[in-house]
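The values are calculated or read from the model by the stated rules, or taken from the named source; none is laboratory data. On a predicted model such as this, the values are computed, not experimentally measured, just so you know. Quick reminder, even Gly has a Cβ in these numbers, built from the backbone with ideal geometry, and neighbours come from all protein chains shown.
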Amino acid sequence: MSWNEQQGSEDKNIQQELLKNGNLPKHIAMIMDGNGRWAVKQNLNRIAGHREGIETVRDIVKACSQLGIKYLTLYAFSIENWKRPTSEVGGLMRLLEFYLRRELKELNENKVKMFSIGKVSSLPKSVQKLLHRAIDTTKDNDGLTLTLALSYSGRWDIVRAVQMLSLDVRRGKISPEDINEEFFAGYLQTNPLPDPDFVIRTSGEMRLSNFLLWENAYSEFYITEKYWPEFRRNELYKALAEFQHRERRFGKTSEQITNKEIEDQNTYLKRILNAINMS
Ligand code: IPE
Ligand code: IPE
Ligand code: MG
């Protein structure tokens with residue numbers, strides 16, 4: 001059964017409300033934080049928190065796909081995360097393997113296109129193989145593009161881009177005058193993706209942690225106190241309802257923005273929250 005066929009009517013109603021309002025983000029990027037704290041709160045070990053975090057990933061991917069969101073990028077493992085105890089890193093790699101192995105069929109059947117950013121070569125060979133297989137199997141899909149940021153850091157990608165750009169200058173393929181913002185962005189691993197318009201971070205930390213530094217230049221931010229394992233689709237709906245009423249000015253004045261809201265923000269939020277509470 002496809003994800004759309006599985007959907008309950010109450011959930012469909014909330015999504016319909018959100019879709020009616022329009023203004024949904026095209027690219028949502030998520031900093032999936034708080035698995036460890038969630039686990040400690042339940043007297044479990046940190047790996048159990050990561051395991052529960054995968055259940056959130058499954059639900060959020062499904063919800064985004066059902067809503068017709070075009071791009072979802074998940075920060076799953078940063079370059080800095082290699083500094084964690086080897087037992088935790090090993091556990092995370094095994095879970096990643098488990099996810100890629102178990103989910104590929106369903107993701108493919110639901111037209112999800114897999115993509116990754118980060119220093120993939122530093123991941124265990126088994127994970128690399130599964131990742132390449134997932135990307136290759138789903139390359140012609142036209143549904144949600146699901147990007148996993150693995151062994152990723154924003155500065156790493158920028159430096160990598162500068163190195164490649166410099167090589168092209170040295171080889172005479174381009175000259176320094178050719179370089180502008182768009183041209184530079186073409187060298188980043190994220191170049192097939194539009195910039196995220198919405199960044200969600202769970203567990204309350206007010207920082208970027210080296211995530212999409214270039215690409216997030218004008219993204220809207222949403223930070224929730226919920227831990228990642230608790231951030232299921234209803235929490236996503238609340239975040240989206242808030243996004244829909246943000247005024248994105250890109251440096252202009254409020255008066256210059258033509259796309260004004262139709263419905264009062266409070267009425268709209270109340271209605272969405274009611275629908276969520278009833279579901
Ligand atoms: C996020 O949860 C997952 C990864 C960074 C891999 P954490 O493991 O960072 O959880 P906290 O922040 O310690 O609670
Ligand atoms: C950010 O979470 C990285 C990922 C979600 C993969 P961290 O838990 O590593 O971030 P810091 O260290 O608290 O900033
Ligand atoms: Mg953390």
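List of remarks:
- In the stretch 211-233, residue surrounded by the fewest Cβ atoms within 10 Å (Cβ to Cβ) [restricted to those that are within 16 Å of ligand 1 (Cβ to nearest atom) and part of a helix (DSSP H, G or I)]: Glu230
- The stretch 1-40, residues that are within 16 Å of ligand 3 (Cβ to nearest atom) and either farther than 30 Å from Phe77 by Cα or among the acidic types (Asp, Glu) (or both): Asp33
- Pick from the stretch 62-87, criterion within 16 Å of ligand 3 (Cβ to nearest atom) and assigned to a helix (DSSP H, G or I), ranking: farthest from Leu24 (Cα to Cα): Lys83
- Among residues of the stretch 130-152, those that are farther than 19 Å from Phe98 by Cβ and part of a loop (DSSP other than H, G, I, E, B), counted: 6
- Subset of the stretch 54-82 that is more than 20 Å from Phe198 (Cα to Cα) and in contact with a helix residue (DSSP H, G or I) (Cβ under 9 Å, 6 or more places away or on another chain) - its residue that is nearest to ligand 1 (Cβ to nearest atom): Asn81
- Selection of the stretch 25-53 for residues being surrounded by 20 or more Cβ atoms within 10 Å (Cβ to Cβ), of a type in the set (A, V, I, L, M) and away from ligand 1 (no atom under 11 Å from the Cβ) yields Ile28, Ala29.
- Selected residue (only one of Gly90, Gly68 is farther than 12 Å from Leu146 by Cβ, modelled with pLDDT of 95 or more and touching a Leu at 6+ places or on another chain (Cβ under 9 Å)): Gly68
- Scanning the stretch 163-202 for residues that are touching a residue at least 24 places away in the same chain (Cβ under 8 Å) and of a type in the set (Val, Ile, Thr) turns up Thr190, Val199, Ile200, Thr202.
- Within the option set Leu236, Leu240, Leu208, being surrounded by 14 or more Cβ atoms within 10 Å (Cβ to Cβ), on the phi < 0 side of the Ramachandran plot and not in a helix (DSSP H, G or I) holds for one residue only, Leu208.
- There is at least one residue in the stretch 189-197 that is within 20 Å of the chain's Cα centre (by Cα), β-branched (Val, Ile, Thr), more than 16 Å from ligand 1 (Cβ to nearest atom) and in a loop (DSSP other than H, G, I, E, B).
- Breaking point among (1) under 26 Å from Thr258 (Cβ atoms); (2) under 15 Å from the mean Cα position of the chain (by Cα), for Ala241: (2)
- Residue, surrounded by the fewest Cβ atoms within 10 Å (Cβ to Cβ), within the stretch 61-85, restricted to residues that are among the hydroxyl-bearing types (Ser, Thr, Tyr) and more than 16 Å from ligand 2 (Cβ to nearest atom): Ser65
- Sole residue being touching a residue at least 60 places away in the same chain (Cβ under 8 Å) and away from ligand 1 (no atom under 16 Å from the Cβ), chosen from Leu240, Leu150: Leu240
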